[in-house]
Structures are given as structure tokens and as C-alpha cells.
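Trainee: The following block contains the structure, expressed as C-alpha cells.
The values are calculated or read from the model by the stated rules, or taken from the named source; none is laboratory data. Since the model is a prediction, treat every value here as computed from it, not as a measurement. As a convention, Cβ positions derive from the backbone with ideal geometry for all residues, glycine included, and neighbour counts pool all protein chains shown. Heavy atoms of the whole protein, side chains included, go into the accessibility calculation; ligands, DNA and RNA do not. Shrake-Rupley method; radii C 1.70, N 1.55, O 1.52, S 1.80 Å.
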Amino acid sequence: GQQVMQIPQYQHVQEGEDFTTYCNSSTTLSNIQWYKQRPGGHPVFLIQLVKSGEVKKQKRLTFQFGEAKKNSSLHITATQTTDVGTYFCAGRLSNDYKLSFGAGTTVTVRA
Amino acid sequence: NAGVTQTPKFRVLKTGQSMTLLCAQDMNHEYMYWYRQDPGMGLRLIHYSVGEGTTAKGEVPDGYNVSRLKKQNFLLGLESAAPSQTSVYFCASSWGRSEAFFGQGTRLTVV
């Protein structure tokens, strides 16, 4: 089964509000990546985190990699209608080539 | 620069028929992947390849075969299609452990 678990599965957000999606692994990851898939589209790479405790920001998006490299989060502030889509995390074990995806968080925005 | 191209984009098969999905990338990437996407299941890895002539099983390989005879191409075969293989199939490629680039997807229906 999937080694990467992601919650929540759905996130309904009022425009302007903040939300966070979480990604958890039972094993230590060498790196974690985040992707966004718009409805009807394909996944598009957002960011990669490699270091323990790493934090990266992209405008209103903040990505964190846990100290133990087993969990990660994506926090979006002041949600906009352009944030609609499904956000996936994807992780690799240090001794493996596979890129395993979480089930994704599907975000809808109420205007 | 085409990136990752999947052929065909849509296909309807009858149970028991066979078909091959083609993935072509022009970025000289070593790693290539095949995923299937089903509602609520995220992206599940079927098979992957870390170089020309090499393939490996992912999370859900049963009922599928792959070949990587040329570095730029990764073929996914269904020898005897089943309704459970109705899904959207995505191919992706990457340069090592860096970001993965996805194709537009193939929507397959098995009736």
C-alpha cells in the first residue's frame, strides 16, 4: 500500500481563510515533494523539501518538512479561487527510487 | 519543447482486449513512471524505470507490463483488459530524484 498518508481528503474553504494539509509517513523519507492538480489536469510540481526541519515559502504557500523527515505540511493563507484543485505530497525513501504519492487533499473554495 | 507526451488521450476497450499506452519524453530524463489515478485513491505507482532497459514494479503492478527499450520511451501494456483497469493513467519522468514532469494523461474505460 501507499507509504505516504495525507489528510484531510477534502477541504472546503471560505475565500480569504487559511488552511493546512498534512502528509505523514511511517518511515523516514529522503525528500518530499508537493504537487498541485487542477480539475481535469495533470499534477504539476510545486516544491521539494530535503532537509530536516526545512521551511520554504512560495507567496501564500508555506511548506514544512518535519524534524524526523516523516511528515510534511502545506499551509495556504488567504485562500483564493485560483487555489482550487488537489494537492499531493510525494515521498521517496533514501534507499529507493520509487516516488510514492499520498491520496491528495481536494480543495474547494466558497466565494 | 514537448515535455512528456502520452498516446492515446482516450480509449475504450472491451474486456479481454489488449492495448499499449505510449509515453515519450524529450528531456533526456533517466527516471520514468506509470501511475493510475482513481477517485479517492490518489496516484498509485504501477511500474517505474530508472534507465534504458530497466524496469521495476510499483505498488499496483498486477495486470500490467512495461518496457523501456529506448531512454525516451516508456510503454505500458495491458494484455487482457479488465473493468477494474478503468482509470486515468499518467506517465511521468524526472532527472534523478528531482521534480517529476507529468504527461496529460490517458483516460481508459474497459467495458
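Trainee: So A:Ser30 passes all but one of these: (1) at pLDDT 95 or above; (2) loosely packed, with under 15 Cβ neighbours inside 10 Å. Which condition number does it fail?
Mentor: (1)
Trainee: Then there is this: Select from the range A:8-53 the residues that are of a type in the set (Val, Ile, Thr), within 12 Å of chain B (Cβ to nearest Cβ) and assigned to a strand (DSSP E or B) and list them in ascending order. Steps first, please.
Mentor: Applying the first criterion (of a type in the set (Val, Ile, Thr)) to the range A:8-53 yields A:13, A:20-21, A:27-28, A:32, A:44, A:47, A:50.
Applying the additional criterion that residues be within 12 Å of chain B (Cβ to nearest Cβ) yields A:32, A:44, A:47, A:50.
Residues satisfying the conditions are A:Ile32, A:Val44, A:Ile47.
Trainee: Ok, one more. Taking the residues in the range A:11-27 that are over 13 Å from the mean Cα position of the chain (by Cα) and either closer than 20 Å to A:Arg60 by Cβ or β-branched (Val, Ile, Thr) (or both) as candidates, determine which candidate is modelled with the lowest pLDDT.
Mentor: Among those that are over 13 Å from the mean Cα position of the chain (by Cα) and either closer than 20 Å to A:Arg60 by Cβ or β-branched (Val, Ile, Thr) (or both), it is A:Thr27.
Trainee: Right, something else. From the residues in the range B:38-50 that are open to solvent by 40 Å² or more (accessible area, probe 1.4 Å) and outside any loop (DSSP other than H, G, I, E, B), which one is nearest to the other protein chains (Cβ to nearest Cβ)?
Mentor: Residues of the range B:38-50 open to solvent by 40 Å² or more (accessible area, probe 1.4 Å): B:39-41, B:44, B:50.
Narrowing further to those that are outside any loop (DSSP other than H, G, I, E, B): B:44, B:50.
Numbers: B:Arg44: 7, B:Val50: 5 Å.
My answer is B:Val50.
Trainee: Right, here's the next one. What is the residue count in the range A:90-104 for residues that are open to solvent by 10 Å² or more (accessible area, probe 1.4 Å), facing another protein chain (nearest Cβ under 7 Å) and either in a strand (DSSP E or B) or of a type outside the set (Gly, Ala, Ser) (or both)?
Mentor: Of all residues in the range A:90-104, those open to solvent by 10 Å² or more (accessible area, probe 1.4 Å) come to A:93-98, A:103.
Applying the additional criterion that residues be facing another protein chain (nearest Cβ under 7 Å) yields A:97-98, A:103.
Retained after the next criterion (residues that are either in a strand (DSSP E or B) or of a type outside the set (Gly, Ala, Ser) (or both)): A:97-98.
Matching residues across the range A:90-104 total 2.
Trainee: Let me ask something else. Identify, please: which residue in the range B:51-82 is charged (D, E, K, R) and surrounded by fewer than 20 Cβ atoms within 10 Å (Cβ to Cβ) and is, among those, nearest to B:Thr20 (Cα to Cα)?
Mentor: Start the filter on the range B:51-82 by keeping residues that are charged (D, E, K, R), which leaves B:52, B:57, B:59, B:62, B:68, B:70-71, B:79.
Applying the additional criterion that residues be surrounded by fewer than 20 Cβ atoms within 10 Å (Cβ to Cβ) yields B:52, B:57, B:59, B:62, B:70-71, B:79.
Working: B:Glu52: 18, B:Lys57: 17, B:Glu59: 20, B:Asp62: 15, B:Lys70: 16, B:Lys71: 17, B:Glu79: 8 Å.
So, considering only residues that are charged (D, E, K, R) and surrounded by fewer than 20 Cβ atoms within 10 Å (Cβ to Cβ), the one nearest to B:Thr20 (Cα to Cα) is B:Glu79.
Trainee: Considering every residue within the range B:83-93, establish whether at least one is over 25 Å from A:Tyr10 (Cα atoms), facing chain A (nearest Cβ under 10 Å) and either surrounded by fewer than 16 Cβ atoms within 10 Å (Cβ to Cβ) or touching a helix residue (DSSP H, G or I) at 6+ places or on another chain (Cβ under 9 Å) (or both).
Mentor: Within the range B:83-93 (the criterion being over 25 Å from A:Tyr10 (Cα atoms), facing chain A (nearest Cβ under 10 Å) and either surrounded by fewer than 16 Cβ atoms within 10 Å (Cβ to Cβ) or touching a helix residue (DSSP H, G or I) at 6+ places or on another chain (Cβ under 9 Å) (or both)), the answer is no, since none of the residues qualifies.
Trainee: Ok, one more. Which residue is farthest from the chain's Cα centre (by Cα), if the candidates are limited to the range B:94-108 and must be open to solvent by less than 50 Å² (accessible area, probe 1.4 Å) and at negative phi? Show your work before the answer.
Mentor: Pass one, the range B:94-108, residues open to solvent by less than 50 Å² (accessible area, probe 1.4 Å): B:94, B:96, B:98, B:100, B:102-103, B:105-106, B:108.
The next check asks that each one be at negative phi; those that pass are B:94, B:98, B:100, B:102-103, B:106, B:108.
Values: B:Ser94: 14, B:Ser98: 19, B:Ala100: 13, B:Phe102: 10, B:Gly103: 9, B:Thr106: 9, B:Leu108: 12 Å.
For the range B:94-108, the residue satisfying everything is B:Ser98.
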